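Following: one structure in structure tokens, then a few remarks.
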Amino acid sequence: MKILFDFFPIILFFIVFKVAGIYAATAVTIAATFAQIGWVWFKHRKVEPMLWLSLGVVVIFGGATLLFHNDTFIKWKPTVLYWLFAIILAGAQLLQGKNLMRSLMGKQMQLPDPIWNRVNWSWVVFFVLMGVLNIVIAYNVSTNLWVDFKLFGSLALTLVFVLGQSLLLAKHMKLDENA
């Protein structure tokens, strides 16, 4: 259910794009992201920094798309978000010695430090490559195909990456002997 909630603005973007075009879809995505943050605040009285970052990128690039009536800005939004995630993960590791992937997932699994470092850096590389792939697709196919990739392609690639990483991590995980 959480993944549907996380993908709520993207799913709405896709549906509205197919019915009313890129500009209506962009406006709905901005509104949906505000609604998403409102709901999270209402439920938990706290909003994760990544969701705030996502809102900022959506408002800036979506707003530029609407203001200048140019879909190039919204096509850059996923790349900017991916690259910001990569910079945050790499920056925390290099500048602060903090492994954010361990912070996010450490309660779910126990892994040795070198493996956590590989997990963190693999996400950095994944986000950089996804950003590059988004730009390549945005500039080389129709907007319609880019929107299809944005929903289905990026989701599929993320799921394949997570599955592959899970299979590789399974051999390093310590089992809870009390379970």
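Determine how large the accessible area of residue 68 is when every protein chain is in place; take a 1.4 Å probe and give Å² rounded to the nearest 10.
Its heavy atoms expose roughly 130 Å² to the probe.
Taking all pairs of distinct Cα atoms, average 1/r, flip it, and tell me the Kirkwood hydrodynamic radius of region 1-100 in Å to one decimal place.
Hydrodynamic radius (Kirkwood, Cα pairs) of region 1-100 is 14.5 Å.
Under a no-solvent Debye model with one identical scatterer per Cα of region 63-133, what's log10 I(q)/I(0) at q = 0.12, 0.16, 0.19 Å⁻¹?
-0.42, -0.62, -0.75
Binning at 10 Å from 0, report for the chain what percent of all alpha-carbon pair distances ends up in each bin.
9, 32, 34, 19, 5, 1
Compare the peptides 112-118, 157-163 by average per-residue count of other Cβ atoms within 10 angstrom and give them in order, highest first.
Ranked from most to least packed, the peptides come out as 112-118, 157-163.
Across 5 Å bins from 0, what is the distribution of all Cα-Cα pair distances for region 11-65, in whole percents?
4, 21, 26, 22, 15, 8, 4
In a Debye calculation with equal point scatterers on the alpha-carbon sites of region 70-110 and no solvent, what is log10 I(q)/I(0) at q = 0.20, 0.34 Å⁻¹?
Taking Cα atoms of region 70-110 as identical point scatterers yields -0.67, -1.01.
Once you treat every alpha carbon in region 77-179 as an equal point and sum by Debye, what is log10 I(q)/I(0) at q = 0.16 Å⁻¹?
-0.77
With θ set to phi - 60° and the Karplus curve 6.51 cos²θ - 1.76 cosθ + 1.60, what are the ³J(HN,Hα) couplings of region 95-111 in order, to the nearest whole Hz, using x for Gly and Pro?
8, 10, x, 10, 9, 5, 5, 5, 4, 6, 10, x, 6, 8, 8, 9, 9
Given labels modelled 7 Å from the Cα in the Cβ direction, how far is it in nm from residue 88 to residue 159?
Each label point is offset 7 Å from its Cα along the Cβ direction, giving 2.4 nm.
Pairs of lysines 8 or more apart, or on different chains, with alpha carbons under 24 Å: count those in the chain, would you?
Lysine pairs meeting both conditions in the chain amount to 18.
With unit charges on the beta carbons (Lys and Arg positive, Asp and Glu negative) and the dipole taken about the Cα centre of the chain, which residue among 105, 32, 11 sits farthest to the positive side?
105
Rounded to the nearest 20 debye, what is the charge dipole size of the chain about its Cα centre when +1 sits on each Lys and Arg Cβ and -1 on each Asp and Glu Cβ?
Here the size comes out at about 240 debye.
Region 22-88: which trypsin sites (Lys or Arg not before Pro) are DSSP loop and have at most 16 other beta-carbon atoms within 10 angstrom?
Those that pass, being in a loop and sparsely packed, are 45, 46.
The values are calculated or read from the model by the stated rules, or taken from the named source; none is laboratory data. Quick caveat: nothing in here was measured; it's all calculated off a predicted structure. With ideal geometry, Cβ positions are generated from the backbone for all residues, glycine too; neighbour counts draw on all protein chains shown. Note: areas computed on protein heavy atoms with side chains; ligands, DNA, RNA excluded. Shrake-Rupley method; radii C 1.70, N 1.55, O 1.52, S 1.80 Å.
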